[in-house]
Amino acid sequence: MSEKFYKDHVVYQIYPRSFCDSNSDGIGDLQGIISKLDYLKDLGVDILWLSPIYPSPNFDYGYDISDYMDINPEYGTMKDFDQLIEQANKREMKIVMDLVVNHTSSEHRWFKESQNKGSPYHDYYIYKKGKKNNKKPPNNWTSNFMGEAWTYVDKCDEWYLHLFAPEQVDLNWKNEAVYQEVKKILEFWYSKGVYGFRCDVINQIYKTSLEDGKGNSLNRLKGGEHYISQEGCHKILNRFHNEVFSKQKDTMVVGETVSITIDQAKRFTSGDEIDMVFSFEHEDAPTYKLLPLVFKRFNPERFKQIMIKWQKNIDWNANYFENHDQLRSIDHYGSRKYHKESGKALGMLLLTLRGTPFIFQGEEIGQLDYDEYDEKNVKDIVPINIKKIISKIPLPKKMKNNFLFHYDRDNARAPFQWDKSIYAGFSSVEPWNKVTETSAHINYELQKNDPDSIFNFYRDLLAYRKKNKALSIGSIEFDPKAPKGVFAYYRTLNKDKFKVIINLNKKEVKYINLDIGEEILKSRSDMKVGYLLPYEAVLIKL
Ligand code: NOJ
């Protein structure tokens, strides 16, 4: 057993709003999560990361926090939270919180007070006089959510910075008081018994300068060279490491790191800052070509090369194919036609690469995106903002909708599909976000007793991984001769050795496996000698 729990255990991300509604208001909640702890235990996951559950006006559904030390009443109370920790611990599971401290909600008490220039809270945020007699923003930075990154405030006659929505106001990390506030927040949740934190856009928190950015204004990160992965950010994380993280018996701190390079990732995870980073490069293997309205098809070889690069260069990766911001992985990297096979093949990859796997709720049953973009249903601020911008471009509606669909995070936030009933067993009333069209035939109820289901594939593999540490902490070595789009690698620990072969191509590929061993798990039961069938994946004990 490794001394760090997260090294040989698996994380499951819960988007609480869409997981399980216990009180029939159409919104998921903490009691809903508690009622599913046995499900999660049975699945075989060990660490539950909860997307934000703090009070929030929900401009960005919790990623705009108005009180860091309380629970959003939509989700329950602090008593419910204490019960969740207790019940999770009883099942040897741990809870990880989402820490969103690049920005606070504009409804946070600090921001409200900050608008008085004389208040000590003024310096909690980044205020500045604008250009052109204060008529124009202080610089040309763009928001990650499109448009200008500055908003003018009448009351103090200054502009404030927001790298996301105007309702998400960037904190001023040059102010020691901000550091001390966040330290208190971390200590508060540790004292409640949480295991660690997932830190939202953590490599953007420190703004070295407020100079104009280079590049064109279509770039969502224009100005990024002044705030992405800055020296000041490393210093802050190092201080948290020394003063808070390293004081815990064991903890897991994973940073969401935008536009992260291998070198920067190494630095963040070198032992005195945070444990892991979420990188994004593989997400873009299927990406747009024509600026930016036509999407390329997924290229499995490109995807493989990116994954291998990160596996080879970073000792311990945070592996994920889905989260609350991404399209569902079968739609993103797999195939609806081969729903079951590609769902299992991706599961095999996720759970056997070196690093800590992060499963997103619903991934274990192969949940899919909506069938198409539905204007009436949109809840997410991203497609709403993009629509405002592209509405002026004369292009066919279908093309625009296709484009908006790819950025619509509602897809990942559809209710969890527990059963085939009208609201998918998520709630007894109409949910806050629509159930997907495929819920009647893709749901837990249908899969739980089917030995061939994606759910049972995950369950079996998780159980096997738990007993065979080579698959978690063992070394990894890739076969450079594997055909295009085929992953072939060895996982080794002491005398235990495994081979994993995964065909991520939609078509069959010639491949002769020369390694002899016992087949432990396969994504499909049929086979063709000398070939790998579409999405054929196999785990072999050598
Ligand atoms: C990254 C989060 O994952 C996303 O959901 C959120 O909108 C932004 N950060 C802003 O907090």
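To test your reading of the geometry: what angle, between 0 and 90 degrees and rounded to tens, separates the Cα axis of helix 78-90 from the longest principal axis of the chain?
Computed tilt is about 30 degrees.
May I ask for the distance between the Cα centers of the stretch 178-256 and the stretch 497-542, given as a whole number of Å?
41
What's the ranking of 177-188, 36-47, 267-278 by average number of surrounding C-beta atoms within 10 Å, highest first?
Most protected by this proxy first, the peptides run 267-278, 36-47, 177-188.
I need the P(r) histogram for the chain: all alpha carbon pairs, bin width 10 Å from 0 out to the longest distance, whole percents.
4, 18, 29, 28, 16, 5, 1, 0
Where the only charges are on Cβ atoms (+1 Lys, Arg; -1 Asp, Glu), what is the dipole of the chain about its Cα centre, to the nearest 20 debye?
With only Lys, Arg, Asp and Glu charged at Cβ, the dipole is about 1740 debye.
List the extent of the Cα atoms of the stretch 250-389 along each of their three principal axes, largest first, rounded to whole Å.
Computed over the Cα atoms, the extents are 47, 37, 31 Å.
Less than 13 Å Cβ to Cβ from V96, Lys/Arg counted +1 and Asp/Glu -1: what total charge do the surrounding residues give?
-3
Using Cα atoms only, what is the angle between the long axis of helix 454-467 and the major principal axis of the chain, expressed in degrees (0 to 90) to the nearest 10?
Its long axis makes an angle of about 90 degrees.
At R0 = 56 Å, how high is the FRET efficiency between E372 and E181 if r is their beta carbon distance? Nearest 0.05 is fine.
About 0.80, to the nearest 0.05.
Expressed as a whole number of Å, what is the distance separating the alpha-carbon centroids of the stretch 24-91 and the stretch 313-354?
Here the answer is 25 Å between Cα centres.
Dipole of the stretch 109-170 (Lys/Arg Cβ +1, Asp/Glu Cβ -1, origin at the Cα centre): which of Y160, N134, G118 lies farthest to the positive side?
N134
For n ≥ 4 DSSP H runs only, could you compute -39500 (n - 2.57) per run for the chain, divide by its residues and tell me the 222 nm figure to the nearest 500?
Helix contribution divided over all residues of the chain: -8000 deg cm²/dmol.
Taking the chain as the reference, fit the longest principal axis to its C-alpha atoms, fit the long axis of helix 397-407 to the helix C-alpha atoms, and give the angle between the two in degrees, 0 to 90, nearest 10.
It works out to around 90 degrees.
In nm², what is the average projected area of the convex hull enclosing the Cα atoms of the stretch 80-127?
Spelled out: convex hull of the Cα atoms, projected over all directions, averaged, 4.6 nm².
Within a 10 angstrom radius of the beta carbon, how do K495, K397 rank from fewest other beta carbons to most?
Fewest-to-most ranking of K495, K397: K495, K397.
So which of K344/K379; K135/K174; K344/K507 end up more than 24 Å apart by C-alpha?
Exceeds cut-off: K344/K379; K135/K174.
Around W418, under 11 Å between beta carbons, what's the net of Lys plus Arg minus Asp minus Glu among the other residues?
0
Return T104, T77, T251 ranked ascending by Cβ neighbour count within 10 Å, so the fewest neighbours appear first.
Fewest to most other Cβ atoms nearby, the residues stand as T77, T251, T104.
Just the number: Rg to Rh for the stretch 205-280, Cα atoms, Kirkwood Rh, two decimals.
My calculation puts Rg/Rh at 1.03.
With the cut-off at 1.5 for a/c, could you classify the stretch 475-541 from its C-alpha gyration tensor as rounded, prolate or oblate?
prolate
A short reminder: the numbers here are calculations on the coordinates, not readings from a lab. Everything numeric here is computed off the predicted structure, so don't read it as measured data. As a convention, Cβ positions derive from the backbone with ideal geometry for all residues, glycine included, and neighbour counts pool all protein chains shown.
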